[in-house]
Structure formats: structure tokens, C-alpha cells
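Notes follow once the structure below has been shown.
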Amino acid sequence: MPFTPFLSYLELEKKYSPHTILAYKRDLDSFLQFASQKFGYKNIVKIHYAIIRSWIVNLVDSGVSNRTINRKISSLKSYYKFLLKIGDIQENPLSKHKALKVAKKIQVPFSEKEIQQVLSLLNETNDFESIRNKLIVELFYSTGIRRAELINIKVQDISISQQTVKVLGKRNKERIIPLLPSVIETIKQYIRLRDEISNITDQEFLFISKKGVKIYETLVYRIINSYFSMVSQKVKRSPHILRHSFATHLLNEGADLKAVKELLGHASLASTQVYTHNNIAKLKDVYLKSHPRR
């Protein structure tokens, strides 16, 4: 396979997740297929920018969004940077490429009221799945962790005495996040019910199904979407919106941007600044309280 060394580099040196590596592979395979069918190129190393430009035009004509096209080109650009690094090419054909314009997406966080309504719904029953789902919602909202991070939490990552959770983020970076006392109580309740399940296959992982196996990403999405669809009319109801709500609510209450950055596990402050879009009511409140001529 022509991309094997590059994909190994992403896995071993860049520490990318299997999901991310698969996305890179799909993008590269898609481009190579296009170059081969349309222009007869079998070796991606010899391809010049005109071919890449034709691929972009083809994607646009096919109705692919600019955001998706930019991601595909980013994958290709990273591959050419790798080839440059190992000396297989002398110049990156995408070095002067400019990304297509993309309309900024404004993520609308859940309100505090919506989150409280969901927690109230989950408090109505005390069976294993309800308590597990409650803990999932509470952890997302009280820590801002990513879906993959939540799924991979191990039992030993929870410290009841220290009231913390250890999560493994992107590129295998660990971080310790404090837990609220209310979340600790839910964890204790969940662990008691979890211990009653016989034949647990994935014993080391905190979150499991009734059958004793580790939960998966689609299930977590369904849980969040299902409960929040009962209380919210927002179009997007995903685990990421809970992460967004966590960051937005903290910043609205005056939390330090750098502290929120550390909690979220962001590599740069620029990533965290996405969450600084305060709602107009909050801005009006600050304005009226702070302006000299209020």
C-alpha cells in the first residue's frame, strides 16, 4: 500500500487515534483513485498541483461542502509534508494552496435549564442504565471531556479520595480533571450497580453495557441525543454540544480562559477561544454594569 509508511508515522510518531488515521487513509485513497482514473497517475509522488486543482473542482461539482474539501486537502498536504521530510519529493505541490472559504459554524450550547431538566428526568429511575446515563451526562457537563475520552475512562482512573478523573486525550496526553461532589456521589451509586453485573467482559473500563461490555461512540451519542431531544429544540444535540456548554458556561461565569484551556485539553489557546461567543443577554448585562455612563 502506497500510504503505509505515512499512516505508520501518524500512529507511532504523531500519536493520532485510529479514527483519525482512517480518515486520512480515506482521503488519500479517494485522491489517488481520482488521479488514476482521470489522468492515469499511479504514483502520487509525481502528481503536480494542476491535478489536485482538478480534484477540487470535481469535488465542488459533486456537491461536496467546502469544509469537507478543506479537510481532504489538509490530509493530502500532510502527506506531501511527510514525503518532503523523508526526501521523496523536493517541493510540496500544495505549499501555496489557499483553503476554500467556509462559513463559520456557531455552536449553540445547551442552557443550564435544559441540562437540569435532563438530570431531573434521569433522577426519576434508579436502575443501572439510568444511573449510568446520568453519570455520562454529568461527566460531560462537569468536565468538558470528549466522547472518546469518556468511553476510555478506566475504573482505576477515578480517584474518590482526590475527587478527580484522569483522562487520556488526543495524542495520548493525560490530564487530571477535578470532579464535583455531586458527580462523586453518582459515581459511587453507579459503581455499586456495576458490581452487581455478572460476567463483565471489559472489567477495566468504567462505562459498560448491561451485557458487561465497553460502551461505544454511537451508543453515547444516542444517549445524549435521546434525552436532550425531550427538553431542547436545538438542531444539534450531541456530546460535543455538552462540551461546548461546559466551556461556555464556565467562561460566562468569569473563568480564566487559560484554565478552561487546560480543562478541555486544548493544545493552543486559539482552540479554546471558539467558546468565547457570549450570548447577547450576557454581553448586555456586562455592558450595563461596567460602562462609565451606565
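What does the charge add up to near Lys134, with Lys and Arg as +1, Asp and Glu as -1, over the other residues with Cβ less than 14 Å from its Cβ? Value of the local net charge: -1.
Between the amide H of Thr164 and those of Ser159, Leu179, distances stay under 5 Å, these residues lying 5 or more places away or on another chain, with hydrogens modeled in the peptide plane. When the convex hull of its Cα atoms is viewed from all sides, the stretch 112-236 shows a mean projected area of 7.8 nm².
Here Lys98 is the anchor, and the lysines within straight C-alpha reach of less than 17 Å, apart from those fewer than 8 places off in the same chain, are Lys72, Lys77, Lys81.
Paramagnetic label reach from Ala148 (point 7 Å along Cα→Cβ; backbone nitrogen cut-off under 13 Å): within the stretch 197-219, residues 217. At an R0 of 45 angstrom, the distance between the Cβ atoms of Asp195 and Phe39 translates into a FRET efficiency of 0.15. What the phi angles of the stretch 151-167 give under the Karplus curve with 6.51, -1.76 and 1.60, with θ = phi - 60°, is a coupling list of 4, 8, 5, 9, 4, 6, 6, 8, 10, 5, 5, 8, 6, 9, 10, 9, 10 Hz, glycine and proline written as x. Counting beta carbons within 10 Å around each of Arg175, Arg132, Arg67 and listing the fewest first gives the order Arg67, Arg175, Arg132.
What the Cα convex hull of the stretch 124-175 gives, in volume per residue, is 95 Å³.
With a ≥ b ≥ c the root eigenvalues of the C-alpha gyration tensor of the stretch 4-85, is it rounded (a/c under 1.5), prolate (a/b larger than b/c) or oblate? Each step should come with its number before you reach the end.
Working: a/c = 2.12, a/b = 1.39, b/c = 1.52.
Judged from the Cα gyration tensor, the stretch 4-85 comes out oblate (a/c at least 1.5, b/c at or above a/b).
Any of Lys85/Lys154; Lys14/Lys96; Lys236/Lys261 with alpha carbons more than 29 Å apart? Name them for me. From the list (Lys85/Lys154; Lys14/Lys96; Lys236/Lys261), the Cα-Cα distance tops 29 Å for Lys85/Lys154. Our helix-only sum for the chain, with -39,500 (n - 2.57) per DSSP H run of n ≥ 4 divided by its residues, gives a mean residue ellipticity at 222 nm of -17000 deg cm²/dmol. Set the Förster radius R0 to 30 Å, insert the Cβ-Cβ distance between Lys46 and Arg171 as r into 1/(1 + (r/R0)^6), and round the FRET efficiency to 0.05. Efficiency, from the Cβ-Cβ distance: 0.40.
Just need the Rg to Rh number for the chain, please, alpha carbons only, Kirkwood Rh. In the chain, Rg relative to Rh is 1.04.
Just so you know, all these numbers are worked out from the coordinates, no wet-lab data involved. Keep in mind the model is a prediction, meaning the values are calculated, not measured. All Cβ positions, glycine included, derive from the backbone under ideal geometry; neighbour counts span all protein chains shown.
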